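Structure, as structure tokens:
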Amino acid sequence: MRDSETLLIPGPVSVGAEVLAALSRPVSAHYGDDWVVMYRRLTSSLARIFGTEGDVLPLFGPGTAALEACLASTLAQGDEVLVATNGLFGRRIAEVARRLNLAVHTITTEGYDPVRPQHLAQAMRDHPGVRAFAVVHHETSLGLLNPVQELCTMARRYGLLTIVDAVASLGGVPLEMDAWGIDLCVGVANKCLGAPVGVAPVAVGERAWAAVDDSRQKQAGWYLNLATWRRFDREWGAWHPSPTTMPTNSVVALAVAVEGVMARGLDAHHARFAQAAARVRDGLRELDFEMVIPEEHASPMTTAVWGRKGMDVPDYLEWMRSERHLRLGSALGDLAGRAFRVGHMGRAADPDVQDAYLRGTADYVALKL
């Protein structure tokens, strides 16, 4: 691993200087007056980014842990859950749900298409006993956006509890949790928000809390239990709002990153990713590359790109890493070896990094193809 390596992968991201400086501060306590002021300011700002008036709980751990907490805290053994599985991370939600002894039904699509409301409607006809619906907003394995607003609005009409994996979309594209009928929404610090790994915020709406509080026996333990986090926030919130020790430097670095997002403005922050994606895609098309996902469904945070005819994709990825110190994302699943992924988050959204990437790719094409 090179210290100077810049990440152009779908996460984690290379963070800016102010965030790095916050990460390197002396370790602080995870309680006390100063901590609580910072913590409340952070969760308030995160709520605005989620688009919710509900609670935001900054769990620490990966996004998968937060998704497990959502499923386990609100659903009981044997409950039927419908999961959109048009990518690797949708399939991961389904796997987590099965490990929690939930009855999982899946929605799949042809090729690399988004899940659409008609797919949800058909699944409900096939499985009328479903209690919850889970979907990935930005499926980073493909660089694809699912139409979460339409899907969750429809799911709410069916009376379903809605769970959205916004791990790779929170802060990257518009998200209106309350207006779109989302009950539980999970993000992370280390993608669109431009912070280090360590924190996975969970936003919880009223219908989700009602599910947590009903009399059925849930699958959650103690730590990955939303009720535990709420209890400490309510009972100890004046001085110690989390149930266990927090990774204080990671939380402080996230707070600095979020302050930067709010100072820039959400619209401008979203536009930064869209501009980066457009610039990279246009440059790649000039070099005769084709994108995997059509533009109308493509994420502005990650681009999946087909390798050119005769191209050794793993060799290209290694050459870019070793010769230009730019790490790209390999493709996953059936795309492995045939495509690659370019992230546009963190420092990868900077024009100078985009230019360095396109120059490096042009040099590789001239040298090897």
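Computed from the coordinates by the stated procedures, all read-outs in this text should not be read as laboratory data. Here the structure is a predicted model, which means the values were calculated and not measured. Cβ coordinates were reconstructed from backbone atoms using ideal geometry, including for glycine residues, and neighbour counts include every protein chain displayed.
Under a Gaussian network description of the chain, with springs only between Cα atoms under 10 Å, the residue in Leu284, Leu254, Leu160 that fluctuates furthest is Leu284.
Here the calculated FRET efficiency for Met38 and Asp214, from their Cβ-Cβ distance with R0 = 41 Å, stands at 0.75, rounded to the nearest 0.05.
Which of Ser141, Ser45, Ser24, Ser250 has the fewest other C-beta atoms within 10 Å, and how do the rest follow up to the most?
On the way: Ser141 24, Ser45 17, Ser24 9, Ser250 20.
Result, fewest neighbours first: Ser24, Ser45, Ser250, Ser141.
The phi torsions of segment 314-322, fed into the Karplus equation with coefficients 6.51, -1.76 and 1.60 and a -60° offset, translate into couplings of x, 5, 4, 4, 5, 4, 4, 6, 7 Hz, rounded to whole numbers, with Gly and Pro shown as x.
Report, in whole Å, the centroid distance computed from the Cα atoms of segment 1-73 and segment 159-204. If you average the Cα positions of each part, the centres end up 12 Å apart.
Couplings 3J(HN,Hα) for segment 129-142, derived from phi with the Karplus relation 6.51 cos²θ - 1.76 cosθ + 1.60 (θ = phi - 60°), are x, 4, 9, 9, 10, 10, 8, 8, 6, 10, 7, 5, 5, 10 Hz, where x marks Gly and Pro. Taking a ≥ b ≥ c as the square roots of the eigenvalues of the alpha carbon gyration tensor, the chain is oblate, as a/c is not under 1.5 and a/b does not beat b/c.
Got the relative contact order for the chain handy, in percent, Cα pairs under 8 Å and 6 or more residues apart? Numbers along the way, then the final one.
Working: 744 pairs, mean separation 93.6, N = 369.
Reported relative contact order: 25 percent.
Across segment 251-264, computed HN-Hα scalar couplings (Karplus, 6.51 cos²θ - 1.76 cosθ + 1.60, θ = phi - 60°) run 5, 4, 5, 4, 4, 5, 4, 5, 4, x, 4, 5, 5, 5 Hz from first to last residue, x flagging Gly and Pro. The amide H of Phe133, built 1.01 Å from its N in the peptide plane, has Leu82, Leu161, Thr162, Ile163 as neighbours under 5 Å, considering only residues 5 or more places off or on other chains.
Where does the longest stretch of the chain lie that holds no GluC sites (Glu not before Pro) found in a DSSP loop with 15 or fewer other Cβ atoms within 10 Å? Mind showing how you got there, number by number?
Working: sites that count: Glu5, Glu53, Glu110, Glu176.
By the stated rule (loop sites, at most 15 other Cβ atoms within 10 Å), 177-369.
Look at where the Cα atoms of segment 336-369 and of segment 279-322 average out, and the two centres are 8 Å apart.
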